[in-house]
Amino acid sequence: MNKFFYLSCLLLIITAMSCDSRQNNGTLIERSFNKAIPLYDNLLKTTADNLEDYPHSLHPDGSIKYLQIDEWTGGFWPGILWYMYEYTEDEKWKIEAIRWTESLTSNQYNTAHHDIGFMMYCSYGNAIRFLDAPSYKEILVQSAKSLCQRYNEQVGSIQSWNTRKSKGDINIWEFPVIMDNMMNLELLFYASKVTKDSSFRDIAISHALQTLAHHVRPDYSSFHVVNYDPITGKVLHKQTLQGFSDNSTWARGQAWGIYGFTMVYRETGDKRFLSTAVGMADFFLDHPNLPDDKIPYWDFNVGEEGYHPDWDYHQEMEVPRDASAAAITASALLELCEYADAGKRDKYKNAAHEILSTLASEPYLNAEQSNPYYLLKHSTGNFPSKNEVDVPLIYADYYFLEALHRFRQQKDHTHSE
Ligand code: GLY
């Protein structure tokens, strides 16, 4: 009798705990989207008939920092509107998502930098999940053609930025490629699928292999910038622009790598990309400097011995975090856990859930509307340039919402099994 009683109690507790954790997960998604609604309503009001100013961040005085169509973050606002539509199924968000997506049309010819993948695939790439619009597909294919114009066969890579000076004016970068560029490759895989022209895909694979060879270190940390000789294809410099020092690991660069190599594995099935994504994810998650709440400092090596910045660094404040790197990583891990060996699956899934729980709580979620516009707080854009330090950033919100959708789909999938 006693044994039966204790066993029943245990069963009840386990059932209650599992319901509670499911409810918490459900609540996490629901709470985050519900908090987002009034914030993005406010952002929409500020941009009502003006489809030229794309919300990006906040100025120090609290006013909205907008960027224009030529900047890399223009696609995130329409992408957010698509994610809001996907969750709420409210036509209001779809109407705005279409307006903002179409505002980017002329970017399909933008060859000024590599960011066209971010701009067009986060906007039009999301739009085609909901609309059967042949013109959108053509725009994406033209965007892919524009991106390929920056490909150099000798280097085997797409040039990220035009020729520029390195941080601290140490040298000139003639053909700089940054880790972030991995994110632009999804557009090329898409273009090959719709046109049946494999050249886009070939360029993407070549670029990913070069990035693997030269940006990823043996311990799976990463260089932010690699500068090549555009004539010989030789690697000339391995440096950083937004990280602490050339040999450090910039948190968002590492996050772009985890996400990018996971996506390239999805598109190619090539295990070299999977093991790179796994190695980079493990570096991130197992790093002794990753705080317990799993939101990284803006660089893994800030102020550490052996890391020497090419800019003036004085530790005056607590090292800021980068919620954007956390959001990108959470989204990437929710895909990577589907491909990784059984032994790693739970590690990535649990880490993604932990990151999302942290982001969906104080002090990261803007639940109390400490600013009226953005969902996540505490991201860092470019610390060495003292630009966008500990602020909301539109792409942190975008990847957070994407990760919440991935989380929701996984949960739905798990329950239907
Ligand atoms: N270039 C994109 C970034 O700052 O992460």
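The values are calculated or read from the model by the stated rules, or taken from the named source; none is laboratory data. Being a predicted model, the structure only gives us computed values, none of them experimental. Backbone-built Cβ (ideal geometry, glycine too); neighbour counts: all protein chains shown. To get the accessible areas, we keep the full protein, side chains included, count just its heavy atoms, and leave off ligands, DNA and RNA. Shrake-Rupley method; radii C 1.70, N 1.55, O 1.52, S 1.80 Å.
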Taking every alpha carbon pair in segment 79-218 and sorting the distances into 5 angstrom bins from 0 up to the bin holding the longest one, the percent per bin comes out as 2, 10, 19, 19, 17, 13, 10, 6, 3, 1, 0
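For segment 65-162, what relative contact order do you get, as a whole percent, if you take Cα pairs closer than 8 Å and at least 6 residues apart? Walk me through the numbers before you get to the answer.
On the way: 122 pairs, mean separation 28.5, N = 98.
It comes to 29 percent, rounded to a whole number.
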Amide H neighbours of S157 at under 5 Å, excluding residues fewer than 5 places away on the same chain, with H built from the backbone geometry, are N152
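With a Förster radius of 41 Å, plug the Cβ-Cβ distance of K411 and E138 into 1/(1 + (r/R0)^6) and report the FRET value to the nearest 0.05. Could the numbers behind the result be given before it?
Working: r = 36 Å, r/R0 = 0.87.
Approximately 0.70, to the nearest 0.05.
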Rounded to the angstrom and largest first, Cα extents along the principal axes for the chain equal 83, 51, 49
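As a test of reading the structure, rank E89, E186 by solvent-accessible area (1.4 Å probe, protein chains only), most first. Display every interim value, and only then the final one.
Details: E89 140, E186 35 Å².
Heavy-atom accessible area, descending, gives E89, E186.
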For segment 138-192, the Cα-Cα pair-distance distribution in 10 Å bins from 0, as whole percents, is 22, 47, 23, 7, 0
Percent of all Cα-Cα pairs per 10 Å bin for segment 303-372, counting from 0 up to the last occupied bin, reads 17, 31, 27, 23, 2
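Where does segment 25-72 land on the Kirkwood hydrodynamic radius, alpha-carbon pairs, in angstrom?
Details: mean 1/r = 0.0807 Å⁻¹.
Radius from the Kirkwood sum: 12.4 Å.
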Counting sequence-distant residues (5 or more places) and residues on other chains, those with an amide H built under 5 Å from that of S379 are A323, D390, V391, L393
Here the gain from full extension of K386 to Y313, 0.36 nm per residue of separation minus their alpha-carbon distance, amounts to 25.2 nm
Taking 0.36 nm per residue of separation between N50 and T195 and subtracting their Cα-Cα distance, the length gained on full extension comes to 48.8 nm
N42 and S357 label points (each 7 Å along its Cα→Cβ direction) are spaced in nm at 2.9 nm
Quarter of the surface of the C-alpha convex hull for segment 258-417, i.e. direction-averaged projected area in nm², equals 11.2 nm²
In terms of the charge dipole of the chain, which places +1 on Lys and Arg and -1 on Asp and Glu at the beta carbon, the residue among C148, T195, M182 farthest towards the positive end is T195
Placing each pseudo-label 7 Å from Cα in the direction of the beta carbon, D346 and S275 end up separated by a distance in nanometres of 2.6 nm
Karplus-derived 3J(HN,Hα) from phi for segment 265-277 (6.51 cos²θ - 1.76 cosθ + 1.60, θ = phi - 60°), whole Hz, x at Gly and Pro, runs 5, 4, 7, 10, x, 7, 5, 4, 6, 5, 5, 5, 4
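What percent does the relative contact order of segment 222-307 come to when contacts are Cα pairs within less than 8 Å and at least six residues apart? If you can, show how the numbers build up before the last one.
Numbers: 117 pairs, mean separation 23.3, N = 86.
Relative contact order of segment 222-307: 27 percent.
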